[in-house]
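Report on one structure; see the data block that follows.
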Amino acid sequence: MNKIVATRVLNTFPPGPQGRRIPIIPSIGNNDIYPHNILQPGPNPIIQNFAKIWTEFIPESMAKTFARGGYYSVEAVADKITVVSLNTLYFYNPNVAVDGCKAEEQPGTEQMDWLEIELEKIRERKMVAYLTGHVPPDKKSYSPTCYARYTKIALAFQDVIVGHLFGHANHDHLFLLSRGEEEGGEEEGDSPERPVKDNSVLVEERPSVMSDEVRAMSLAAFVEDLWMQYDNVPKRAQIKDYAVVLVSPSVVPFYNPTLRVFSYQLDNNSNNVTQDDSDDDIDHRLLHRRRPNPVPTTTFGFPQEFTQYWCNLTHANLHPSRTPTYEIEYRTREDYRLKNLGVSEMLALARRIAREEDLKKVYLDRMVVQTGAYIGIV
């Protein structure tokens, strides 16, 4: 199946007149491997197989890196934008073949070390970076040490990273990484990294085996945690204390299939303008001077907005003779009044969602891709 999908993507985006193909940057997911969720430290046969299937996607300079750990980076726009594809299975709690991001020999630790080096290189070249992967850096999905390490990197490189883009969870939402959490992470050996699952853990399950009752309980607990996080954003938040993770719902119809298209800044008129200049709720006087300034919103490559598309399966099933189509579900600029996708704008949105009931309902509708799955639960 992985090979079939890769071939179809390559055929959909053929090389242009000059023989160049737009960058295609996939990541390994927990359903892409067997056994489900389990990936041994590399090199291993699974990663080797992906290296063959993804030959067209992985730069030659990254071949050895990918062969060892299943992660890599691509200079998507020369001298401007680098996209990092992380192998999040080495951070993922259910992967019992590995053990966190503390011991030097662990693949999660090696990947985090590599990520820091990559970001330092990008910083030196005055470029911006997008971090992408399958499983988002959620506290209940990552091992404690991997979650703490990722949060620390996210905050330390705010002058480089302009986006944290992930999937896996099936729900359309954003969540926050915040200062203080990077100091966490239990010592391996003091407490096992393997979690005990409960109903509050948002873990992707296959729809065919996940009961409606379990799905409802998971969604209710997940939403409750999310509202609490949004509600706890201070009115005068210090933007250097936060990073924002965007989680896109899936193409696989857990709810309805979706696609997301981002737009980013094309010219470069930084003029020392940073993200915090765009929201009155942010207290500019409280910013920490020693921390790196976030990337200016007018920098080339800074994410300005995205458009969310969805396919209405109910309508498609009622009209089987018609080819299903994707339609616009919402646009962040028009429908959420976001000037850009910077931290200050997203913090203000989180606060609005927590306090405005009408907006909260719209957000819930989009979270479950217009299926109404939250009704009677949340």
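Hey, for a label at Gln370 modelled as a point 7 Å past Cα toward Cβ, could you say which residues of region 326-352 have their backbone N under 14 Å away? Residues 326-331 qualify, since their backbone N sits under 14 Å from the label point.
With both bridge residues required to lie in the chain, what share of the DSSP beta bridges run antiparallel, to the nearest 5%? Close to 65 percent.
From the alpha carbon centroid of region 317-362 to that of region 60-127 is 31 Å.
Scalar couplings 3J(HN,Hα) for region 344-352, obtained by applying the Karplus form with A = 6.51, B = -1.76, C = 1.60 to θ = phi - 60°, are 5, 5, 6, 5, 5, 5, 4, 5, 5 Hz; x denotes Gly and Pro. Each residue of region 10-15 is assigned a 3J(HN,Hα), and the resulting list reads 4, 5, 6, 10, x, x Hz, derived from the Karplus form 6.51 cos²θ - 1.76 cosθ + 1.60 (θ = phi - 60°), x at Gly and Pro.
Rolling a 1.4 angstrom probe over the protein heavy atoms with all chains in place gives the chain an accessible area of 50 Å² per residue.
For the chain, Cys311 stand unpaired, since no other cysteine beta carbon lies under 4.7 Å from theirs.
For Tyr330, nonlocal amide neighbours, meaning residues 5 or more places apart or on other chains whose placed amide H falls under 5 Å from its own, are Gln308.
Accessible surface of the chain, 1.4 Å probe: 51 percent of it comes from carbon and sulfur atoms. Listed by chain and number, the lysines placed with their C-alpha closer than 18 angstrom to that of Lys240 are Lys152; residues fewer than eight positions away on the same chain are left out.
Using the Karplus relation 6.51 cos²θ - 1.76 cosθ + 1.60 with θ = phi - 60°, the per-residue 3J(HN,Hα) values for region 114-126 come to 4, 4, 4, 5, 4, 5, 5, 5, 5, 4, 4, 8, 6 Hz, with x marking Gly and Pro.
Calculated [222 nm] ellipticity per residue, helices only, for the chain: -9000 deg cm²/dmol; basis is -39500 (n - 2.57) per DSSP H run with n ≥ 4, divided by all residues, nearest 500.
The values are calculated or read from the model by the stated rules, or taken from the named source; none is laboratory data. What you are looking at is a predicted structure, and each value in this text was computed from that prediction instead of being measured. Counting neighbours? That spans all protein chains shown, and the Cβs are built from the backbone with ideal geometry, glycine included. Calculation scope for accessible area: heavy atoms of the full protein, side chains included, ligands and nucleic acids excluded. Shrake-Rupley method; radii C 1.70, N 1.55, O 1.52, S 1.80 Å.
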